[in-house]
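Below is one structure, written out as structure tokens; comments come after it.
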Amino acid sequence: MNKDFLCLSDWTREELETIFDLCRDLKAKTKAGAPHHLLAGKTLAMIFEKSSTRTRISFEVGMFQLGGHALFLHSGTTQMGRGEPIKDSARVMSGYCDGIMIRTYSQTAIEELAKFASIPVINGLTDMYHPCQIMADLFTVIEHKENYRDLKYCWIGDGNNMANSWINAAGVFGFELRVATPKGYEPDAGVVARAENAGARILYTNDPAEAAQGADVLNTDVWASMGQEAEQKEREKAFTGYQINDQLLALAASNCVVMHCLPAHRGEEITDSVIEGSHAIIFDEAENRLHVQKAIMATLMEGNKCN
């Protein structure tokens with residue numbers, strides 16, 4: 001079993017489906033109010049370099065429900081924010097805590113943190129990947145569609161960390177994926193190449209209608225992510241037409257579902273009518289961040305510290 005959760009492609013389908021099984025059990029216990037203190041007495045350090053709503057709340061509440069404690073650390077108020085080397089912070093935190101979750105910009109930084117930490121490191125988001133979100137997305141699809149691997153998935157919008165993570169997921173789980181991005185905003189070339197080497201079934205296009213045709217699952221994200229605010233006006237022009245709206249929805253399967261990792265810019269990448277419509281499972285998806293991440297933490301942190 002891997003000790004870190006940095007990228008979906010680091011894990012096998014069987015390992016990830018075991019996490020889904022545990023997630024299903026933990027969610028049932030949560031809903032029933034049954035204690036499930038798998039991480040009693042354990043502490044998770046949560047490092048934030050990016051703003052957060054769902055990530056902070058879900059990890060913090062999740063650790064509480066698992067019987068442990070979550071410690072919020074804003075990078076600007078720690079020595080990391082004053083230039084302490086990541087490898088030093090990693091070893092110090094390993095002496096105090098049982099796991100680290102980090103939400104940051106650089107994938108390289110999180111990989112260095114994991115290299116020098118002797119406790120599990122979880123990727124709460126980087127500019128390259130958002131694996132916890134994709135696990136929550138897929139678990140939500142499983143709840144609504146059951147046989148999730150035979151579905152056609154569609155990504156509309158920016159070739160960002162979410163698109164990269166969906167591509168990784170297609171490589172690991174083997175489902176069909178269509179990715180529609182504007183020219184110049186395609187997913188990371190290295191991610192694409194690795195997925196192709198894994199035999200992933202992915203269509204890349206610049207036509208949202210082509211990607212949405214007959215799709216079972218439609219997914220999108222904001223046009224300008226955190227750190228790209230200066231590009232907002234430029235991106236608004238480039239992404240014209242890359243919107244999940246009623247017209248695009250009509251091209252998909254009649255029983256399709258719509259997802260968004262939130263926060264959503266209603267009227268840009270997705271319309272209010274779709275978010276509030278019968279096809280949307282967006283808030284189920286948001287809730288499942290809690291349950292999936294509890295399963296990830298329990299999988300990585302239960303028992304003794306990693307060596």
Single condition Lys237 does not satisfy, out of (1) in contact with a helix residue (DSSP H, G or I) (Cβ under 6 Å, 6 or more places away or on another chain); (2) surrounded by fewer than 17 Cβ atoms within 10 Å (Cβ to Cβ): (1)
Residue match in the range 189-201 (condition: charged (D, E, K, R) and free of Cβ contacts under 8 Å to residues at least 60 places away in the same chain): yes
Residue that is farthest from the chain's Cα centre (by Cα) [pool: residues in the range 112-149 that are part of a loop (DSSP other than H, G, I, E, B) and of a type in the set (S, T, N, Q)]: Ser118
Given (1) free of Cβ contacts under 8 Å to residues at least 24 places away in the same chain; (2) within 13 Å of Leu8 (Cβ to Cβ); (3) of a type in the set (A, V, I, L, M, F, W, C), number of the condition Ala170 does not satisfy: (1)
Exclusive hit being in contact (Cβ under 8 Å) with a residue 40 or more places away in the chain, buried (at least 24 other Cβ atoms within 10 Å of the Cβ) and under 16 Å from Gln293 (Cα atoms), set Ile119, Ile134: Ile134
Test: residue in the range 174-192 that is assigned to a loop (DSSP other than H, G, I, E, B), of a type in the set (A, V, I, L, M, F, W, C) and either closer than 21 Å to Ser254 by Cα or not assigned by TED's automatic domain parsing to the domain that holds Ser254 (or both): yes
Residue match in the range 227-234 (condition: outside any helix (DSSP H, G or I), modelled with pLDDT under 95 and over 29 Å from Asn147 (Cβ atoms)): yes
Condition broken by Ser165, with the remaining ones in (1) more than 23 Å from Asp21 (Cβ to Cβ); (2) within 15 Å of the chain's Cα centre (by Cα) satisfied: (1)
Residues of the range 237-250 satisfying the condition of being assigned to a loop (DSSP other than H, G, I, E, B) and within 14 Å of Asn219 (Cα to Cα): Tyr242, Gln243, Asn245
Among the candidates Ala28, Ala70, residue that is in the same structural domain as Glu111 (by TED's automatic domain parsing) and in a strand (DSSP E or B): Ala70
Tally of residues being assigned to a helix (DSSP H, G or I) and surrounded by 14 or more Cβ atoms within 10 Å (Cβ to Cβ) across the range 193-226: 5
Counted residues, the range 58-113 - those being touching an Asp or Glu at 6+ places or on another chain (Cβ under 6 Å) and surrounded by 16 or more Cβ atoms within 10 Å (Cβ to Cβ): 4
Criterion violated by Ser254 - all others in (1) in the same structural domain as Gly157 (by TED's automatic domain parsing); (2) within 15 Å of the chain's Cα centre (by Cα) satisfied: (2)
Qualifying residue in the range 180-188 (condition: under 30 Å from Asp88 (Cβ atoms) and out of contact with any Asp or Glu (no Cβ under 9 Å at 6 or more places or on another chain)): yes
Conditions (1) outside any loop (DSSP other than H, G, I, E, B); (2) in contact with a Leu (Cβ under 8 Å, 6 or more places away or on another chain); (3) surrounded by fewer than 15 Cβ atoms within 10 Å (Cβ to Cβ); number of the one not met by Ala45: (3)
Residue satisfying condition, being touching a helix residue (DSSP H, G or I) at 6+ places or on another chain (Cβ under 9 Å) and farther than 26 Å from Ser273 by Cα, within set Gly227, Gly171: Gly171
Scan of the range 1-25 for residues that are of a type in the set (Lys, Arg) and outside the structural domain of Ile296 (by TED's automatic domain parsing), ordered by number: Lys3
Any hit, the range 151-163, residues being in a helix (DSSP H, G or I), in contact (Cβ under 8 Å) with a residue 24 or more places away in the chain, surrounded by fewer than 24 Cβ atoms within 10 Å (Cβ to Cβ) and not basic (Lys, Arg): no
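The values are calculated or read from the model by the stated rules, or taken from the named source; none is laboratory data. Worth saying up front: this structure is predicted, and the values here are computed from it rather than measured. Reconstructed Cβ throughout: ideal geometry from the backbone, glycine too, with neighbour counts over all protein chains shown.
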